[in-house]
Amino acid sequence: MLGTVKVKKIAAIHDLSGVGRVSLMVVIPILSTMGFEVCPLPTAVLSNHTQYPTFSFLDLTDEMERIIAAWKTLNAQFDTIYSGYLGSPRQVHIVKDFIDDFRQKDTLVVVDPVLGDNGKLYTKMDDEMVREMRTLVAKADVVTPNLTELFYLLDKPYQAKCTDEQLKQYLKELAESGPEIVIVTGVPVIDNPKMTSVYAYSRFNDQYWKVTCSYLPAHYPGTGDAYTSVVTGSLMQGDSLPIALDRASQFILQGIRATFGYQYDSRDGILLERVLPNLNLPMQSCSYELI
Ligand code: PXL
């Protein structure tokens, strides 16, 4: 209706890490640039992310309950609920209750099950967090594990080399636990170290997608957070799943390319500030495949 502006709202449940461009410091700029209001529900405040050797960590589990209670009093409503790094197993329960209380008919629930990378759990993550995360994944519409997290969630040994057929099987298995869409990032391409793939499965139409793009040999924390944020914003803008996958892959590659040429501590993450404006440019090309 003329005169009524609707900016869609996202409840963003992630930590706030001061240094290193991860979690809220990636989620907020990306989704604000894409035209959404981000409402943070912080899980913890850290000096920096946990891939640096030391960090301070303030657990906000108790404060989360107070924030949620205040939001209920305000009758706050969200178009999307998007969770990422959680600081304790109790927080998983809080997020599940939050989904039950705030989900409406058209709410999009995105869970990025942040647990580990390169075949290993992050510092502070353990088997209990993995077990709890499985129960949160079951409630999501969209989940975005990386390859390491996929294997932890499925309770299978990590395997860096997977065929398309194996991955399709794994995606379906995770989707059967609840989520409508499963997206797995950071899958190495067998016998081609210069490429990396993202695989996705949509249970609704029983379709599998693959997007392959260039891989540069560097590890930047926060790229998973950036990837899921772009997918979330793209789906909220009404894009199809394969277009959302393509937009996110291209954005991450642009971020890595903007960073890679410098002598630079890769733990500081991609130079996000240099590529944020690209989020509002039309898509230049697509490379998704139906597999
Ligand atoms: O990007 C994932 C992430 C988020 N938050 C914190 C982290 C990490 C990865 O290391 O340490 C605190």
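Among the residues of the range 39-78, write down those that are more than 16 Å from the ligand (Cβ to nearest atom) and either at pLDDT below 95 or open to solvent by less than 30 Å² (accessible area, probe 1.4 Å) (or both). Lay out the reasoning, then the answer.
The first filter runs over the range 39-78 and keeps only residues more than 16 Å from the ligand (Cβ to nearest atom), leaving 39, 62-63, 65-78.
Across the range 39-78, the qualifying residues are Cys39, Ile68, Ala76, Phe78.
So which residues in the range 79-93 are over 26 Å from Glu128 (Cα atoms) and either part of a strand (DSSP E or B) or open to solvent by 90 Å² or more (accessible area, probe 1.4 Å) (or both)?
Thr80
Considering only the range 98-156, state which residues are more than 21 Å from Asp62 (Cα to Cα), at pLDDT 95 or above and either open to solvent by 80 Å² or more (accessible area, probe 1.4 Å) or basic (Lys, Arg) (or both).
Arg103, Gln104, Lys105, Asp106, Lys120, Asp127, Arg131, Arg134, Lys139, Asp155, Lys156
Could you list, in sequence order, all residues of the range 170-193 that are within 30 Å of Ile99 (Cα to Cα) and either touching a His at 6+ places or on another chain (Cβ under 9 Å) or surrounded by fewer than 13 Cβ atoms within 10 Å (Cβ to Cβ) (or both)?
Taking the range 170-193 first, the residues within 30 Å of Ile99 (Cα to Cα) are 170-187.
The one that is within 30 Å of Ile99 (Cα to Cα) and either touching a His at 6+ places or on another chain (Cβ under 9 Å) or surrounded by fewer than 13 Cβ atoms within 10 Å (Cβ to Cβ) (or both): Glu176.
Kindly state which strands (runs of 3 or more DSSP E) lie completely within the range 172-224 and contain at least 2 residues that are over 28 Å from His49 (Cβ atoms) and under 19 Å from the mean Cα position of the chain (by Cα). Don't jump to the end; show me each part of the working.
Details: elements: 181-189, 192-202, 207-214.
Of the strands (runs of 3 or more DSSP E) lying wholly inside the range 172-224, those with at least 2 residues that are over 28 Å from His49 (Cβ atoms) and under 19 Å from the mean Cα position of the chain (by Cα) span 192-202, 207-214.
From (1) more than 25 Å from Arg134 (Cα to Cα); (2) open to solvent by less than 30 Å² (accessible area, probe 1.4 Å); (3) within 12 Å of the ligand (Cβ to nearest atom); (4) not polar (S, T, N, Q), pick out the condition that doesn't hold for Val19.
Status for Val19: all satisfied but (2).
The values are calculated or read from the model by the stated rules, or taken from the named source; none is laboratory data. All values reported here derive from a predicted model rather than from experimental measurement. For neighbour counting, all protein chains shown are included, and Cβ atoms are generated from backbone atoms with ideal geometry for every residue, glycine included. Note: accessible area is taken over every heavy atom of the protein model, side chains too, but ligands, DNA and RNA are not part of it. Shrake-Rupley method; radii C 1.70, N 1.55, O 1.52, S 1.80 Å.
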